[in-house]
Amino acid sequence: MTVQPILTARGLVKRYGRVVALNHADFDLYPGEVLAVIGDNGAGKTTLIKAISGAIRPDEGEIRLDRQKVDFRSPLEARDAGIETVHQTLALSPALSIADNMFLGRELRKPGFRGRWLRALDRDKMEEVARQKLNELGLLTIQNIRQAVETLSGGQRQGVAVVRAATFGSKVIIMDEPTAALGVKESRKVLDLIQDVKSRGLPIVLISHNMPHVFEVADRIHVHRLGRRLCVIDPKKHTMSDAVAYMTGAMEPPVEAAVA
Amino acid sequence: MKKTVLKAGALAFAGATMLALSAPASAQEVSACLITKTDINPFFVKMKEGASAKAEELGVELSTYAGKIDGDHETQVQAIESCIASGAKGILLTASDTKAIVPAVKKARDAGILVIALDTPLEPIDSADATFATDNFKAGELIGQWAAKTLGDEAANAKIALLDLAPSQPSVDVLRNQGFLQGFGIDLKDEKMIGDEDDPRIVGNDVTSGNEEGGRKAMENLLQKDPDINVVYTINEPAAAGAYEALKSFGKEEGVLVVSVDGGCPGVQNVKEGIIGATSQQYPLLMASMGIEAIKKYADSGELPEPSPGLDFFNTGVTLVTDQPVEGVESIDSEEGLERCWG
Amino acid sequence: MSDAGAAPHKQDFEEVLDRSDKSVAAFEGHEKNLMDRLQHFLHGNPTMVPVIVLAISIIAFGFIAGDRFFSAFNLSLIMQQVSIIGILAAAQSLVILTAGIDLSVGANMVLASVIMGNLGVQLGLPAPVAIGIGFICGALAGALNGFLVTKVRLPPFIVTLGTWNIFFALNLWLSGAQSIRSQDIDAQAPLLKFFGESINIGGAQFTFGSMLMVLIFAVLWYVLNRTAWGRHVYAVGDDKDAAELAGIRTSRTLVQVYALAGLVCGIAAWAAIGRVGSVSPQSFQEANLQSITAVVIGGISLFGGRGSIIGPLVGALIVGVFNSGLRLAGVDVLWQVFAIGWLTIIAVAMDQWIRKVSA
C-alpha cells in the first residue's frame, strides 16, 4: 500500500499581468515528512506557498487536501482546514502578551453566561494552555507568559510563532524562512523545534535559503524553478552544491529525481 | 485600480466645485460682498437675511462669506481678496480680528471698493470707509444703569460677575463690558481694557466664547469664587442662558440679576420669562440693509455714507428691553421687544 | 533542550557551540538607582503616570487655592465640567488605539444633539425616540468615517478632517444656527435634559452626566480588556499586518471601532443637552481637540496599540483640575491655556521616557 500525499497541487497557474508566476506547477507533501522548498528568487516558490496557504487563488489548477479538492478564498479558510503558516514576519503583535498572541483570532471564552453573553475572555485558561504548549516544545526560557512579545529575543519570538502553528495546525504546517533572521544559537533551537513538531506527526513545508539547515532537517527537497517544480531530491543522495546547481539551472537533474 | 479612479473622481469633483464657486460676478451689475464672523451665530444669520433681501430689492448681486468660528481671521482675509478679484463695488464686514484685518481692508479700499464695518468697529475705526454699528458701549451702559437702579441702595454692596467673550478682547467685548461698568458706576481705569478694574464689587471675569456651554462654565467658575454674586453681566444672550442654568444648579436663580446684549427673539423670550432681567436690543437686519443701500448709492453716484452726528460711526440704534422698567432709563417691554426682535 | 529521535546532523562549525556559553545573552546587572526603579515601575504600570499627576496636582492646588478648591463641592463640580469632554475622550481613545485619530467627535456630537432636539422639541416626537435616532445618527456618522478609512483607504486624519466640516455644515443647516431654549425643552421633552439632574451626597453634587462618564469608561474598559474583540482592537493598532495575518478581519474591526466611537458621541450628545441646558449648535467647537488632549495626557500612544482606556478619564480630570485650580488661584485664562499646552507636551515626553526600559 503506497502512502498517499496529504497535500497535493496539480497544474497550478498564476499570472500577474504579463508575468507568469506559476507555470503549471505541481506539489506533493507526504504525511509526517519535512519537505523543504528551495528555489532562486523569482522562481515562484513564494507564489506556490501563497496558493497552498490560501493567500492567493490560482488562475488554473487544483489543490487537494486529504484527497478532497479545496479552494481557499482566504488564509482563514486554509487555517480552518488545518493548514497553519508561520510567516516570515511572524504575524505577532508586539505589545500583546505571549498568551494573547497564541490565541489571537481564536480566543477562548469563559464557559456559560459570562462567555456567551458578556463575551468574557478566559484569560487563565489561555495562559495555562500557552504555558503548557511552550513547555511541551521545550521553550522553557520564557519566564512570564504575560510578558509582551516585543521583550522576547528573535529566536524566542520565532519559537512562539512555531508553537502557535503547532498548537492549532492539524494537518500541515508551513514555515517561511524560519531561520533567516536568527543567529547561530537561536537557529539551532528553531531547528530542534522543527524536529519536535515533526516527531508529533505533523508534516512541515519549509521554505529556506539556508542550505545547511535545509539539508539537516528535510526528508525531501522540492526544487522550484521557472514557475514549476523541477525535481524532488533526497538530501542523503545529493550534495548541497548539486541542489544549488539544479536551482539555478547550472545542471540538469537526473531522470529519477525529476518530476513524478 | 478602483480606488485610484475613486480618488481621481473625488479630486475632479472637488476641483470643479471650487471653480464653480469662485466664478466672478458679472461686470454689469453692482455686486457686493458680505463677510461675517461666522455663519453659526443667529446674529450674523439675520444680517445675511437682511442684506440678501435688500440686495434683491435693489438689484445688487450679493456674495456672502463667513469664518468657521469666531476668531477665524484667515478666512475673512481670503474673502476680501476674492471680492477684490471679482470686481465687487462694496464690502460689508464684521471683523473677527479688528486690528489684523486692516491691511486687507486697505487693499480693498485702494482698489476703489467701499468698505463698511458692521457691528464691530475696526481698530482704528477709520480703517473702514464707514461703520454701521450698534453703539456697543451704549448697549452696555443701558444695562449697567438698569442694574444699578434696580438694586437701588444695594448697588453699593453688589457682587458682580462679568462673563466676557474671549481672551483676545475684541472691540465688541471691551465696549460692552466697559459700557456696563460705566453705567453701573464703576471706575473703568483704562476703558480700552477688560479686567484692569479694582472695584471690590467685581468678583471676576471669565470668558464664554459667546455660547451656552461657555456661559455655564464661566458662571460656575465665578460662583465658586464667590457664591454671593447677585449681578451677572453677559456678553450675549446664549451666554446668559448658560449662566442661568448654572445659577439654577447652584440653587440661586432667584435674586440674581442677569443682564445681556443682543435682542434676539429667544433672548427677548427669556426676558419675558424672567431669566434675563434686561437686555439691550440691537438691529442687525437694519445694519445690513442700510449697508447694502449705501453700497448701491456709492456705486451709482460715488457718495460716501455719513456717520451719525457726534459719533464716528452710524448708529443703527439700541433699545433696552425689560419688563421691570426703572426711572431715568428708557426701555420697551418684552412684548414690543418680541415684535422688533430678530432670529 | 529535548533530543529528537535520530541524532541531528550538526555542522562542523556548530560543534564549537558545545563548548561555548549556553545562554543566549547575559546582561551585567547594573545598579538600579531610584530613577531606574521608578522608570521600571512606570513601564510596567504606565497608567500610574496620569494618576500620580492627578493626585499631585489636586494636593498642590489645594495648598495654592485653599478651601474653595479642595471642597467636595468643587471637586464634584470639576467632574461635571469635564464630563462631556471625558465621554468624547472615551470615543477618541477607541480610535487612537487603532493608530487612527478622529477629528470629528465634537461635530458628530453637536449634530446628534441638534437632531435629538429638533425631533423631540420642534417636531414633538416622543423623547426616547428622538434620543434613539440621535444615537443611530452618531453611530452612522462614525461608520462613515470607518468606511472611508477602510474601503477608500484614506488616512484617518484626512477623513475625519473632512467629516468634521461635513457634520458642522449639516449642523448649521438643520439648526439654522438657532439654539433650542431650555424652557422649551422642559415643556416638550424634559427627558433630553436628564443627564443634567444631580444628586447631592455630603456637599458634593454628582450629576448623572458625571456618573455616565464613569460608566462609559467602565464598560469600555471591560470590552477592551476582557473580550476578544478588545484584544483585536489593540492588535490592529499595534501591527495591522500581523493582525491580518493572524486571522483578524482588520477592516471589519476598524469600521466597528469607528461606529462604536460614533455611538459614544451620540450618547455624549444626550449628556451635553443636560450639561448645557439647551440644544446649542454653537457650543463645543473646541471639543475635538480637547478630547485628543485628554487622551494624550492620559497616556495613550498616538501610534496605537498601547495604553489603558482609564488613562483618558484621568487625563480629562487633570485638565479640569488645572483649569479650576489656576482660576481659583486668580490666574488669567491665558495662562491656563498655556499650562494645558505644556501639560500635553510633558505627558508625551514622559510616555517616551518610561517606554525605554531595560526589562
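Computed values, structure above
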read-out: Which numbered condition A:Ser241 misses (of (1) within 14 Å of chain C (Cβ to nearest Cβ); (2) of a type outside the set (D, E, K, R); (3) surrounded by fewer than 17 Cβ atoms within 10 Å (Cβ to Cβ)); value: (1)
read-out: Among (1) surrounded by 23 or more Cβ atoms within 10 Å (Cβ to Cβ); (2) within 14 Å of chain B (Cβ to nearest Cβ); (3) polar (S, T, N, Q) - the single one C:Ser251 does not satisfy; value: (1)
read-out: So C:Ser83, is it closer than 22 Å to C:Leu302 by Cα, outside any loop (DSSP other than H, G, I, E, B) and among the hydroxyl-bearing types (Ser, Thr, Tyr); value: no
read-out: Criterion violated by A:Arg119 - all others in (1) at positive phi; (2) crowded, with 21+ Cβ neighbours inside 10 Å satisfied; value: (2)
read-out: Residues satisfying the stated conditions in the range A:91-103, i.e. facing another protein chain (nearest Cβ under 7 Å) and touching a residue at least 40 places away in the same chain (Cβ under 8 Å); value: A:Ala91, A:Leu92, A:Ser93, A:Pro94, A:Ala95, A:Leu96
read-out: Residues of the range A:193-208 satisfying the condition of being crowded, with 18+ Cβ neighbours inside 10 Å and either within 12 Å of another protein chain (Cβ to nearest Cβ) or aliphatic (A, V, I, L, M) (or both); value: A:Leu193, A:Ile194, A:Gln195, A:Asp196, A:Val197, A:Lys198, A:Leu202, A:Ile204, A:Val205, A:Leu206, A:Ile207
read-out: Of all residues making up the range C:172-221, the number that are more than 8 Å from every other protein chain (Cβ to nearest Cβ) and assigned to a helix (DSSP H, G or I); value: 28
read-out: Conditions (1) in the same structural domain as A:Thr89 (by TED's automatic domain parsing); (2) part of a helix (DSSP H, G or I): number failed by A:Ala130; value: (1)
read-out: From the options A:Val190, A:Val232, residue that is over 23 Å from A:Ala81 (Cα atoms) and not in a strand (DSSP E or B); value: A:Val190
read-out: Condition met for A:Lys185 (surrounded by fewer than 22 Cβ atoms within 10 Å (Cβ to Cβ) and either under 26 Å from C:Arg252 (Cα atoms) or among the β-branched types (Val, Ile, Thr) (or both)); value: no
read-out: Qualifying residue in the range A:65-86 (condition: surrounded by 20 or more Cβ atoms within 10 Å (Cβ to Cβ), over 20 Å from A:Thr167 (Cβ atoms) and touching a residue at least 12 places away in the same chain (Cβ under 8 Å)); value: yes
read-out: Among residues of the range C:259-271, those that are over 14 Å from C:Cys137 (Cβ atoms) and within 13 Å of chain B (Cβ to nearest Cβ), counted; value: 1
read-out: Residue in the range B:286-295 that is free of Cβ contacts under 8 Å to residues at least 24 places away in the same chain, in the same structural domain as B:Ala53 (by TED's automatic domain parsing) and not hydroxyl-bearing (Ser, Thr, Tyr) present; value: no
read-out: Hits in the range B:252-269 - residues which are farther than 15 Å from B:Met219 by Cβ and either within 13 Å of chain C (Cβ to nearest Cβ) or assigned to a helix (DSSP H, G or I) (or both); value: B:Asp262, B:Gly264, B:Cys265, B:Pro266, B:Gly267, B:Val268, B:Gln269
read-out: Condition check for B:Glu74: loosely packed, with under 15 Cβ neighbours inside 10 Å and among the charged types (D, E, K, R); value: yes
read-out: Selection within the range A:171-199 - out of contact with any strand residue (DSSP E or B) (no Cβ under 9 Å at 6 or more places or on another chain) and either under 13 Å from A:Glu33 (Cβ atoms) or outside the structural domain of A:Ala78 (by TED's automatic domain parsing) (or both); value: A:Ser199
read-out: Residue ID - surrounded by the most Cβ atoms within 10 Å (Cβ to Cβ), chosen from residues in the range C:294-352 that are among the aromatic types (Phe, Trp, Tyr) and more than 14 Å from chain A (Cβ to nearest Cβ); value: C:Phe322
read-out: Whichever residue in the range A:209-224 is in contact with a helix residue (DSSP H, G or I) (Cβ under 6 Å, 6 or more places away or on another chain) and over 15 Å from A:Glu177 (Cα atoms) and, among such residues, is surrounded by the most Cβ atoms within 10 Å (Cβ to Cβ); value: A:Val223
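The values are calculated or read from the model by the stated rules, or taken from the named source; none is laboratory data. What you see is a predicted model; the values in this text were computed from it and never measured. Virtual Cβ from ideal backbone geometry, glycine too; neighbours counted across all protein chains shown.
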